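The values are calculated or read from the model by the stated rules, or taken from the named source; none is laboratory data. Bear in mind that the values here come from a model prediction, so they are computed numbers and not experimental data. Glycine also receives a Cβ, built like all others from the backbone with ideal geometry; neighbour counts cover every protein chain displayed.
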Amino acid sequence: MRIGVYGNLTLDELDLNGEQLVRPGGSALYSSLAAAYLGARVSIFSSIGRDYPKNILSSISSNLIDLAGVKKFDGLTTRFRISYGANSRRLEVVHPGQRLKPGRILRSLQAIHLGPVFNELGLDALTYARRHSEFLTLDVQGLLRTVGPDGFVRLVRKNVNPFLSKCNLVKATEEEARVMAPAPTIVDTARRLLRKGAQYAILTRGRSGSLLVKKYGGAFRIPSVPERRVVDLTGAGDIFTGSWLATFMFVEDALWAAAVGAAFASLSVRGTGVSKFRFDRGELFRRASWVYENSRLVKG
């Protein structure tokens, strides 16, 4: 199974309980590592600056991820400063990075995931990805972000219909989904997104779990897995998406794929950066089985 991932790798400055850390990040990193963990052969298409550490690239490639599509430029890597409150996250853009151009795909890909973090993907990359993959997934986060007057990232409503019309799955947080398609209920919001073209929508809702909605089927509430040892929440949604995609491409069961995604996300919060992927595989599938058994069909 070959999967391509488009999106800029980042360097994230984290404030964890007063300790300042710099860790690799970005949707491309987290979704790729999750898909590779589950057996997919992954290629990353990204742009990095001269400041991106070589040891991190070596660590990524050691997970059997192809980095031929990662291009260096003479500038600075996309960098965010992230801080957490009791029930919130604040994101500040330190460096925006460089826009991605469609990279030449040398091998056929069964699926491509678009994981922009800050407006680096345009319609040229979308068209190219759609033409070169059988299944296309999209995380909308980086399409909706802008910088507010206070310097922090905020979401704005933009015309992302060209992206939504060409993808098979759209993934968003509940907040992002309501920005794009406000509706009386979260299921109505997901249905409005699906009318743009996708077959599946996944809306993540933090501790409230997530919602999986099928265009020609039901809507399912996916519970979150309680986890006591929370170190860093960064990337949990990206890991959910990457593990969903790899699982779905192997078994073609959207609900089981969502259960694996929720389980993987719950385990990932125990670490930072690439250490998020150091856990027992048996525990992953024990948690996934619990999620699957406790998922419920909801109205809408």
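Here are the numbers for this structure:
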{"quantity": "Among residues of the range 139-160, those that are without any contact (Cβ under 8 Å) to a residue 60 or more places away in the chain and surrounded by 13 or more Cβ atoms within 10 Å (Cβ to Cβ), counted", "calculated": "9"}
{"quantity": "Residues located in the range 161-180, provided they are surrounded by fewer than 21 Cβ atoms within 10 Å (Cβ to Cβ) and not in a strand (DSSP E or B)", "calculated": "Asn161, Pro162, Ser165, Lys166, Asn168, Glu174, Glu175, Arg178, Val179"}
{"quantity": "Enumeration of residues in the range 139-160 that are among the small types (Gly, Ala, Ser) and assigned to a helix (DSSP H, G or I)", "calculated": "Gly142"}
{"quantity": "Contacts under 6 angstrom Cβ, first residue in the range 253-282 being at pLDDT below 95, partner of a type in the set (Ser, Thr, Tyr), 6 or more apart", "calculated": "Val274/Ser59; Lys276/Ser268; Phe277/Tyr37"}
{"quantity": "Enumeration of residues in the range 198-233 that are among the hydroxyl-bearing types (Ser, Thr, Tyr) and part of a loop (DSSP other than H, G, I, E, B)", "calculated": "Tyr216, Ser224"}
{"quantity": "Qualifying residues in the range 71-92 (those that are β-branched (Val, Ile, Thr) and either in contact with a His (Cβ under 6 Å, 6 or more places away or on another chain) or modelled with pLDDT of 95 or more (or both)) - the one surrounded by the most Cβ atoms within 10 Å (Cβ to Cβ)", "calculated": "Thr78"}
{"quantity": "Residue in the range 17-31 that is within 17 Å of His132 (Cβ to Cβ), under 16 Å from the mean Cα position of the chain (by Cα) and not polar (S, T, N, Q) present", "calculated": "yes"}
{"quantity": "Which listed residue is over 17 Å from Ala35 (Cβ atoms) and over 16 Å from the mean Cα position of the chain (by Cα), from Arg278, Arg287", "calculated": "Arg287"}
{"quantity": "Subset of the range 1-35 [aromatic (Phe, Trp, Tyr) and assigned to a strand (DSSP E or B)]", "calculated": "Tyr6"}
{"quantity": "Subset of the range 53-80 [of a type in the set (Gly, Ala, Ser) and farther than 28 Å from Val153 by Cβ]", "calculated": "Ser58, Ser61, Ser62, Ala68"}
{"quantity": "Residues being touching a residue at least 60 places away in the same chain (Cβ under 8 Å), in a loop (DSSP other than H, G, I, E, B) and not β-branched (Val, Ile, Thr) - total across the range 116-138", "calculated": "5"}
{"quantity": "Among residues of the range 61-83, those that are over 18 Å from Ser27 (Cβ atoms) and assigned to a strand (DSSP E or B), counted", "calculated": "3"}
{"quantity": "Verdict on Val291 being touching a Lys or Arg at 6+ places or on another chain (Cβ under 6 Å) and more than 30 Å from Gln20 (Cβ to Cβ)", "calculated": "no"}
{"quantity": "Within the range 148-206, considering residues that are acidic (Asp, Glu) and at pLDDT 95 or above, the one farthest from the chain's Cα centre (by Cα)", "calculated": "Asp188"}
{"quantity": "Single match in His95, His113 (criterion: within 25 Å of Gly69 (Cα to Cα), surrounded by fewer than 17 Cβ atoms within 10 Å (Cβ to Cβ) and touching a Gly at 6+ places or on another chain (Cβ under 8 Å))", "calculated": "His95"}
{"quantity": "Arg287 surrounded by 14 or more Cβ atoms within 10 Å (Cβ to Cβ), at pLDDT 90 or above, closer than 22 Å to Thr173 by Cβ and of a type in the set (D, E, K, R)", "calculated": "yes"}
{"quantity": "Hey, Arg154 among the charged types (D, E, K, R) and either under 21 Å from Asp66 (Cβ atoms) or in contact with a helix residue (DSSP H, G or I) (Cβ under 8 Å, 6 or more places away or on another chain) (or both) or not", "calculated": "no"}
{"quantity": "Qualifying positions in the range 183-205 - small (Gly, Ala, Ser) and either buried (at least 16 other Cβ atoms within 10 Å of the Cβ) or touching a residue at least 24 places away in the same chain (Cβ under 8 Å) (or both)", "calculated": "Ala190, Gly197, Ala198, Ala201"}
{"quantity": "Total residues in the range 284-300, condition assigned to a helix (DSSP H, G or I) and touching a helix residue (DSSP H, G or I) at 6+ places or on another chain (Cβ under 7 Å)", "calculated": "5"}
